[in-house]
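Student: Before I ask anything, here is the structure I am working with.
Quick note: the coordinates plus some simple rules give every number you see, no bench work behind them. It should be emphasised that the depicted structure is a prediction, and the values quoted were computed from it without experimental measurement. Here the Cβ positions follow ideal geometry from the backbone for every residue, glycine too, while neighbour counts run over all protein chains shown.
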Amino acid sequence: MALPATVFYFTTYDNLSVWLKKKMGCRRAFKPDKWTPPDWTAAAVAGIAARTIAVTVVSPVEMIRTKMQSQKLTYNEVGHLIRSSWATKGISSFYLGWTPTMLRNIPFSGIYWAGYDWFKTTLQRHQGPNHNPFAVSFASGAAAGIIASIFTHPFDVIKTNCQIRIGGTADDMNKSISVVIREMYQTRGWSAFSAGLVPRLVKVSPACAIMISFYEYFKYLFQTK
């Protein structure tokens with residue numbers, strides 16, 4: 001996700017998370033006399049909602065970017081692709097990957113933000129008041145990114161296979177997700193759904209760590225001014 005989209009996503013999450021934690025009466029420590037949901041439950045819900053909004057906004061751009069990378073298209077070819085896709089299926093052609101993207105991003109966001117909140121709270125409690133905020137955010141983001149990536153990688157592979165169909169034949173563009181999944185399995189078996197896992201982990205884990213730690217750092221700077 002590009003930097004502006006990431007900032008939009010993080011900011012939306014942050015505001016939703018604060019609001020939900022207040023509404024849900026979430027806790028950081030266990031209270032035996034009164035059950036209240038832990039903080040990470042609000043973090044998971046806020047992450048899912050924020051990602052849904054962000055993906056809906058940036059999905060057309062993401063789809064075009066995926067197509068450009070898969071076929072090495074020039075800008076003129078991209079323009080022709082956009083016009084032909086619009087003529088074929090209208091605006092829906094730019095959301096071909098929306099459903100599989102959400103199938104990946106809903107669990108990814110829920111797992112990632114719940115994990116990040118849990119790791120961050122645990123590390124802060126373990127290290128005490130003198131903890132390094134940047135290091136805590138970096139480590140928490142990396143760990144949460146690894147866990148979320150492993151659990152959601154099959155959905156990422158399906159999403160990519162759906163998105164590269166744009167600009168193809170009408171039959172290709174009209175294939176349902178179930179057909180795409182069946183064709184993937186028939187071609188490569190179960191290994192098709194784990195293809196590229198290691199490169200994704202190498203990419204996603206540090207990216208999650210860097211983005212969240214810098215976001216938290218700059219948020220702290222703005223809040224203290």
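Student: What's the ranking of 205-214, 114-123, 52-61 by average number of surrounding C-beta atoms within 10 Å, highest first?
Tutor: Numbers: 205-214: 18.2, 114-123: 20.7, 52-61: 16.7.
Highest-to-lowest ranking by the protection proxy: 114-123, 205-214, 52-61.
Student: Averaged over every viewing direction, what's the projected area of the C-alpha convex hull for region 69-170? Give it in nm², one decimal, please. Write down the numbers at each step before the final one.
Tutor: Numbers: hull surface 33.8 nm².
Over all viewing directions, region 69-170 projects a mean Cα-hull area of 8.5 nm².
Student: Something else about it: Relative to the longest principal Cα axis of the chain, at what angle does helix 197-224 sit, 0 to 90 degrees, rounded to 10?
Tutor: 50 degrees
Student: Could you tell me whether the chain comes out rounded, prolate or oblate from its Cα gyration tensor? Rule is a ≥ b ≥ c as square roots of the eigenvalues, rounded for a/c under 1.5, then prolate if a/b exceeds b/c, otherwise oblate. Kindly include the intermediate steps, with their values, before the conclusion.
Tutor: Details: a/c = 2.18, a/b = 1.94, b/c = 1.12.
Since a/c reaches 1.5 and a/b is larger than b/c, the shape of the chain is classed as prolate.
Student: Tilt of helix 75-89 relative to the longest C-alpha principal axis of the chain, in degrees (0 to 90, nearest 10)?
Tutor: 80 degrees
Student: Which angle from 0 to 90°, rounded to the nearest 10, does the C-alpha axis of helix 3-24 make with the longest principal axis of the chain?
Tutor: That helix lies at roughly 50 degrees to the long axis.
Student: Whole angstrom only: what separates the Cα centroid of region 90-164 from the Cα centroid of region 8-26?
Tutor: The distance from the Cα centre of region 90-164 to that of region 8-26 comes to 16 Å.
Student: How many Lys pairs in region 10-141 lie less than 26 angstrom apart by Cα atoms, where the lysines are 8 or more positions apart or on different chains?
Tutor: 13
Student: Counting only C-alpha contacts under 8 Å and six or more residues apart, can you give the relative contact order of region 3-224 as a whole percent?
Tutor: Answer for region 3-224 is 21 percent.
Student: If packing is taken as the mean number of other Cβ atoms within 10 Å per residue, what is the order of 194-203, 125-134, highest first? Let's see the in-between values first.
Tutor: Values: 194-203: 13.3, 125-134: 10.0.
Ranked by mean Cβ neighbours within 10 Å, highest first: 194-203, 125-134.
Student: Could you tally the net charge around residue 120, taking each other residue with its Cβ under 10 Å from the Cβ of residue 120, Lys/Arg +1 and Asp/Glu -1?
Tutor: That sum, taken over residues with Cβ under 10 Å, equals -2.
Student: Given the rule -39500 (n - 2.57) for each run of at least 4 DSSP H residues, summed and divided by the residues of the chain, what is its mean residue ellipticity at 222 nm, to the nearest 500 deg cm²/dmol?
Tutor: Values: 8 runs with 175 residues, N = 225.
Taking each H run of at least 4 residues, the total per residue is -27000 deg cm²/dmol.
Student: Please list 38-46, 150-158, 10-18, 185-193 highest first by mean number of surrounding beta-carbon atoms within 10 Å per residue. List each step's numbers first, then the result.
Tutor: Values: 38-46: 21.9, 150-158: 19.2, 10-18: 16.9, 185-193: 11.7.
Ranking the peptides 38-46, 150-158, 10-18, 185-193 by packing returns 38-46, 150-158, 10-18, 185-193.
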